[in-house]
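Structure, as structure tokens:
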Amino acid sequence: MLPDNNSENSPAQSSEEKQSDGLVISRRTFLNASAFAAATITASYLLKKPEIALASSADEPPYGVVTDKWVATSCLNCPTRCATRVRIVYDKAVHIGGNPLSRVSEGENCPRSHIGLQVLYNPDRIKSPLKRTNPQKGKGIDPGWTALSWEQALNEVSNRLKALRDRNQAHKLLLLYGLNTISNEDLINRFAAAYGTPNAISREGLENEADKAGQWMADGNYTTSAYDLEHTNYILSFGASIIESQKPLARNLRMWGKLRRERPNRAKIVVIDPRYSVTAAKADQWLPINPGTDAALALAIAHVIISEELYDKSFIQNWTTGFAEYRKLVLGSHSPEKIALVTGIKADTIYRIAREFAQTRPAIAWRGRGATCWPNGSYASYAIFCLNALVGSIDVPGGVIYQEYPKYKEMPAITDDSIAREGRTQTSLDLRRKDKFIAAGVVTNQAADSILTDNPYPIDMAIGFHSNFNMSAPNASRWDKAMAKIPYYIHVAPAITEMAEFADIVLPASTFMEDWGYDHCPPGSGFYELKLKQPVVKSVHNIKPTGDIIFDLAKRMGGSVAQSFENIGNNAEGFVKYRTSTIMYWDNLLQKGVWAGTNYKYYKYYQLFNTPSKKFEFYSGNMEAALKEAGKWTGDRTACLPHYEDTKFLGDKTAYPLILTSYHPLLDVDDGNQNYPWAQEIFMVMHGYGWTNFVEINAKTAGSMGIKDGVMVWVESPVSKIKARARVFQGIHPQVVAIAQGQGHTSCGRWAKGIGINPNDITGVDYDYISGQSALFNTRVKIYKA
Amino acid sequence: MARWGMVIDLDKCTGCQACTVACKEENNVPYGSPRENRQRTEIYWNKVIAVSRGEYPSVNIEMIPMPCMHCDNPPCVQVCPAKATFIREDGIVVQNFRRCIGCKYCIVACPYGVRNFNYKEQAEEKYHRPDPPPDRSVIGPWPFPTRTHGVVEKCTFCFHRIDAGLKENKTIGTEVVPACVESCPAKARFFGDLDDPESIVSQQVATRGSFTLKEGKGTHPKVHYLPK
Amino acid sequence: MASDFVTIEGKSKNYRAAVIVFGILALIGLICFALSYVFGHQLFGSSNTIPWGMPIVLAIYLIGLSAGSLILSSLTYVFGKEEFRPIARMAVLLAIVLIFGAMISIAVDLGRPEKFWRLFMFFYLNNMTSMFAINGILYGGYFVISLVYMGIILANQKQASRFMGILAVCWAVLVHMGTGAIFGFVAARETWFSPIKPLEFLSAALASGLALLIVVTLLTLKLSGRSINKGMIASLANMLRMFIILLFILIVVDKLTHLYEPARDATIFMLAGEYAWIFWVLQIGLAVVLPLAILFHAKLNKTIKWITVASVSVVIGIFFERYYLVIPGSAYPLHFYPGKIEGVYGAVGTFQIMPAEMGLSLGILALLALLFLLALRYLEALPPKPMESPQPTAASPAPSASATQTTG
């Protein structure tokens, strides 16, 4: 028998309820029971509360009446930039939900979108412009901030900018940017061009450059790939954390549900990764692979597909070139039996997944960070991407598709002057393209070394927009030194991050919840979708949108720079309005927040391939041309084929027996800050812990070293060493240790500072010299008890 | 009267924890701290646990989202001395903060560990939902806007949404669902009337070998899981 | 009829010092309570894994002591064993003080102690399927019955005291079995879930109550300069031996049953896990092995000193039995799902020793000692000093006065 009466039905009870909550009873109990000292503290506390309640209840409307509204905007806690709707009650944002009009994620969001509330109301945000008083710069050195008015701050910055430009040294300005809206990136790049500096350096070199270069070699498009998850039947993931960090995340999450149980057939997913990721846990099979050998495995799979004639003959014949050479390479030295020794995956298994992959079409070979962020990552990326072509999964339903982007209104050409023209032709600080990194779009991590060695020239001044390379770049301490060396640094961001601590001036930018912007997803959906950002609430702090700051600085600069920023909207809001005017009526856009393009059209082979042959190339003509342009062509045709070379590791194998890998957990909020308790408290879902990260060690390996779960250990690489808590784990390759990214902050605020460790502190510096991608996983480490 | 239940499809679930965060957002559930995490005094109305089996390389880790199971035979209701927790006619097990004396007997008795004690006064946050209850008569168990320390709390199946939705003649399970169901990007969660054979939850329960947690305890949970 | 019981004078230095020390400790406890009331139970060591901490340990321990001591008083008043008469009043007095302490302990463990009264709204606001609510009746009734019983004894009403004695004893048995049922009826915690728990609690109550009574008797008589009846103590010790054996049998049966599924894992954790030393050393060692070794020793069981050692050992051992039941007993993680639960949800619960909680617990014990001392000063609970003539005092109003004081 269960009691189920409830107060609504019983008047006697509810009258008694009221009494129990009143002040009367509790105070009486108190005075009876206690002595004075303690009672006074408590009673005063008790007396205080109801007063507050009374005061606030007077302001609020009667029960059942809520004044609320929904504002359509979008998220920027990761580059997916999902459309959201924010509920505003009494002028405060209280809820973030998906925008059902968004087709990229079908109106769904990942958990990070909700954390937008804590981004907006982060108590450790910067409240006004700040100026450094302590001339000494360094990690852990108090900058001695003093508040400044916007007028003073912008004046100081623009004067300095002007002076540098007047000295004809515009190229000595360095612009760094982390995760920004597309509109702000457009403004930053326009500013760089108008000012005359080739040095606008994004964080992409830490993320996806090798991934892009692989596709570029194959089909000439320097981009990450979009995959038609909705229709695919088989996913072979090479180190891609599809449901953890691969963008566009929310779409991946949505599609995961779809391809599992919302279709007549359930797609099979196989994850190849030395680490048992969340994706591996949720996949059908996990194949732990020897780190850095993904390219070899891809070639072995190709070996099986080609030797058993399982490939898509019509596609290969009609739309590819170089197949004979590729076939020769693959059949010659990549038999599964041989590659099994390299990858540690049994030959039987390679045969099986190759056959499954070729016969369960449409199938996708997905290259992720885990496979491509290596020296020679471009070739791994290329080798994996070629598997898609082998089984005809290029621009077909369920295969690789080609992302479309919104057609924003073209901006008028910038007003050039000689300074700008000269400046832009200078060698870029990151030595991209012909200088060192043959095909690189950006080589983020090189910038630090270039600054430190004054190569190709010293940097005089830098502006960082929402960047935090002092956390996210390998061997992060180099960035500390580099930032300390830059004579004048301006940081534009909502919070004081590790990088901001090196600033001479900090300009508090608005968060994405208060910003104007237009945005679109990284490749994923195929069709395009425009997302709007608009302020959901009036900001309480003395801040400005990033766009306004750039416009303002340009105006103060005067001359050609100011002219370049005329007639494109005059401020952040106007700029967004201007750029989106070709796509949608402004009022409509403000209301809907999203504009999705038409359905994706497949089989556009005639326009897809941006290669010399206008076909998919198994022998990369683009690569040959780039090598020749850089003067590095040796006549070795292997350099243009997807091939595998033994991975070069940093550190000696005997001294450093283990290999360090790092990964982004889902709740590693991607904006360089982690001061969000909702993210922190459920940070390590696979391990059941929050507010930390650890060094994950294979159970057998740990056992052989006598390391127990939860003890503190030193993780030492040739670069540096850090003290971390050991996590003895079954889900990791015996030769690999993993550390999650996102923790180890020494700044950022109360919920981030001093929590966990940053793997980038001990990761060595190496690159994929084709794409400029930082090699993130080839550092060797040793571990010993602390 | 409906008998509300939930189905969680572990095959669709991606372990992203959007449910956990959305629940905190919806219900103003306080966040914790490193110490509270270790001590396990953090409050979650919905949590995701990781359960591992096997050894390298044959490892399996399942992530199980766990809201309150809203048992048909809730042990917490049996042991609550103050009638603070009770089962509504529609099967939702509710905690009335105003009656709760904080004896923690229900936490002891709950086989699913879904009940949480308020170990400290909650910090006020600007993003807290300030909604007054839709109806004066439900002021008792209404979890917003603020809580006091010293009482036990748990998942309510977002009954405020359901009650409001019913008043507005909306369809529960499609138009109106709890926050965790709404926020699930993989659409792995379903909500509806278990007594209605046509409802989405009844259909989902019938699709595969559904199971409930700790079936042997005789608690008859209304949260069903579909295996991977 | 002149009472053959007296109060103590309370003029000695020792008495005053004791009152002051206990008073200060009680005040510290009160401050700790006030802090926990203001800042919440974050000041305590308990958590959602181990929801109950020291106050509950103390509560069930004190209930045990109280019930045990009251049952012993019945030897005189119900069964007419005159040799125990000298300590019979003290037993009842002790029982009242201890049950009062138990109720305070429960009250301070509540998250909202100001709603304590809700436990006593029998059938009206209470859910009577809850063992807590049923125990509300048992404890409340017990407290009232004990007070009346004490009053009757103080008034030397022989017939009535016999009747009240029977009632009080039966009630005390219920009280303690009810307390055991709080734990025994919880299916979620496998090591607790057992029909034998009420009996185990009863036997533990008898053993610890008797042991405490022996200690308190010896202490009080000695400190107040009275003679000690060796024979009486020896026969009490004899009885203690019996109760310990009974308790031991029940513990063995309980653990053996639990070694079978489904509680096997948890029980193995209890017997061999990280907290097992508390069980083997403090519980079995102090509450069973050591006292039995002493009490079965042909020579040692005749000496007051060794009987005292055995009794103190039982009192401490049974405290740790309670501690072990409440705290490590709920530390073993619940298995929501087959497999090994990673992280905090699968970890063995930790219980931090927190200053506020310990201060509070000590404060409660000090308060009880203080009340007992004051009661001895104002109530005729002690046998007369051999050299003194009994002092006449107004007997009957005193208990009610003391009662109002203590419940206030």
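Every read-out reported here was derived from the displayed coordinates using simple, explicitly stated rules and does not represent laboratory data. None of the values given here were measured: they were computed from a predicted structure. Ideal geometry is used to build each Cβ from the backbone, glycine not excepted, and the neighbour counts take in all protein chains shown.
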task = Report, to two decimal places, the Cα Rg of the stretch A:550-658 normalised by 2.2 N^0.38 Å (N = number of residues).
result = 1.91
Distance cut-off 43 Å, percentage of C-alpha pairs in chain C lying past it = 10 percent
query = Assigning unit charges at the beta carbon (Lys, Arg +1; Asp, Glu -1) and nothing else, what dipole magnitude in debye, to the nearest 20, does the protein assembly as shown show about its Cα centre?
reply = 2780 debye
query = Where the only charges are on Cβ atoms (+1 Lys, Arg; -1 Asp, Glu), what is the dipole of the stretch B:15-103 about its Cα centre, to the nearest 20 debye?
reply = 380 debye
ask   = How large is the helix-only mean residue ellipticity at 222 nm for chain A, computed as the sum of -39500 (n - 2.57) over DSSP H runs with n ≥ 4, divided by its residue count, in deg cm²/dmol to the nearest 500?
value = -10000 deg cm²/dmol
request  = Shielding by partners for B:173-184, please: the mean number of other protein chain Cβ atoms within 10 Å of each residue's Cβ.
outcome  = 2
key: Within 10 Å of each Cβ in B:21-31, the average number of Cβ atoms from other chains   = 6
remark   = With A:VAL561 itself left out, Lys, Arg at +1 and Asp, Glu at -1 over residues whose Cβ is under 11 Å from its Cβ give +2
Degrees, to the nearest 10: A:294-307 long Cα axis against longest axis of chain A = 50 degrees
remark   = A correct fewest-to-most ranking of A:ILE394, A:ILE345 by other Cβ atoms within 10 Å would be A:ILE345, A:ILE394
ask   = What are the aspartates and glutamates whose alpha-carbon lies under 20 Å from the alpha-carbon of A:LYS601, with same-chain residues fewer than 8 places away excluded?
value = A:GLU106, A:ASP219, A:ASP228, A:GLU230, A:ASP395, A:GLU404, A:GLU529
key: Helix-only mean residue ellipticity at 222 nm for chain B, each DSSP H run of n ≥ 4 adding -39500 (n - 2.57), per residue, nearest 500   = -5000 deg cm²/dmol
key: Charge-dipole axis of the stretch C:291-384 as Lys and Arg at +1 and Asp and Glu at -1 on Cβ define it, positive-most pick from C:ALA298, C:ALA369, C:PRO338   = C:ALA298
task = Would you work out which of B:MET69, A:ALA213, C:THR49 lies farthest towards the positive end of the dipole of the protein assembly as shown? Charges go on Cβ: Lys and Arg +1, Asp and Glu -1.
result = C:THR49
query = What's the angle, to the nearest 10 degrees (0 to 90), between helix A:323-333's Cα axis and the longest principal axis of chain A?
reply = 90 degrees
query = What is the distance in Å between the Cα centres of the stretch A:711-744 and the stretch C:216-235?
reply = 65 Å
ask   = From the square roots a ≥ b ≥ c of the eigenvalues of the alpha-carbon gyration tensor of the stretch B:147-199, which class results: rounded (a/c under 1.5), prolate (a/b over b/c), or oblate?
value = prolate
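Using only alpha-carbon positions, what ratio does the radius of gyration of the stretch A:647-784 give when scaled by 2.2 N^0.38 Å?
1.03
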Net dipole in debye of the stretch A:323-376 [+1 Lys, Arg Cβ; -1 Asp, Glu Cβ; about Cα centre; nearest 20] = 100 debye
Debye log10 I(q)/I(0) at q = 0.19, 0.22, 0.25 Å⁻¹ for the stretch B:52-101, Cα point scatterers = -0.65, -0.78, -0.93
request  = Rank these for me by crowding, B:ARG208, A:ARG432, going from fewest to most other beta carbons within 10 Å.
outcome  = B:ARG208, A:ARG432
inquiry  = Just to be sure I understand the rule: take each whole DSSP H helix in chain C, project its Cα atoms onto its long axis, keep it if the span is 24 Å or more and its mean Kyte-Doolittle hydropathy is at least 0.0. Which ones pass?
reply    = C:13-39, C:54-77, C:85-109, C:131-154, C:158-184, C:197-223, C:230-258, C:304-326, C:355-378
inquiry  = Quick check on the protein assembly as shown: what are the equivalent-ellipsoid semi-axes from the Cα gyration tensor, as sqrt(5λ), descending, whole Å?
reply    = 69, 34, 30
inquiry  = Which one, A:GLN317, A:ILE301, A:LEU259, is farthest towards the positive end of the dipole of the stretch A:220-321 when Lys and Arg carry +1 and Asp and Glu -1 on their Cβ?
reply    = A:LEU259
query = Shielding of C:178-188 by partners, i.e. mean partner chain Cβ atoms within 10 Å per residue?
reply = 4
Peptides C:152-165, C:199-212, C:297-310 ordered by average Cβ neighbours within 10 Å, highest first = C:199-212, C:152-165, C:297-310
inquiry  = For chain A, take the longest principal axis of its alpha carbons; what is the angle in degrees between that and the long axis of helix A:36-59, to the nearest 10 within 0 to 90?
reply    = 80 degrees
query = Between the stretch B:157-228 and the stretch B:32-72, what is the C-alpha centre distance in whole Å?
reply = 20 Å
message = Taking the Kirkwood radius as the inverse of the mean 1/r across Cα pairs, report the Rg/Rh of the stretch A:533-573.
response = 1.06
message = For a bin width of 5 Å, list the pair-distance distribution of the stretch B:83-131 built from all Cα-Cα distances, rounded to whole %.
response = 5, 15, 21, 23, 19, 12, 5
Per-residue Cβ neighbour rank within 10 angstrom, fewest leading, B:ARG161, B:ARG115 = B:ARG161, B:ARG115
query = Roughly speaking, what is the centre-to-centre gap between the stretch A:380-422 and the stretch A:176-227 when only Cα atoms are used, to the nearest Å?
reply = 11 Å
ask   = If the viscosity is 1.306 mPa s and the temperature 10 °C, what translational diffusion coefficient in µm²/s does Stokes-Einstein give for the stretch A:571-721 when Rh comes from Kirkwood over Cα pairs?
value = 70 µm²/s
query = Among B:LYS104/B:LYS222; A:LYS615/B:LYS12; B:LYS170/B:LYS228; A:LYS69/B:LYS126; A:LYS538/A:LYS577; B:LYS217/C:LYS197, which pairs are too far apart, with a Cα-Cα distance over 28 Å?
reply = A:LYS615/B:LYS12; B:LYS170/B:LYS228
task = Find the Rg to Rh ratio for the stretch A:208-306, where Rh is the Kirkwood radius over alpha-carbon pairs and Rg uses the same atoms.
result = 0.96
inquiry  = How charged is the neighbourhood of A:GLU501? Take every other residue with its Cβ under 12 Å from the Cβ of A:GLU501, and add Lys/Arg as +1 and Asp/Glu as -1.
reply    = 0
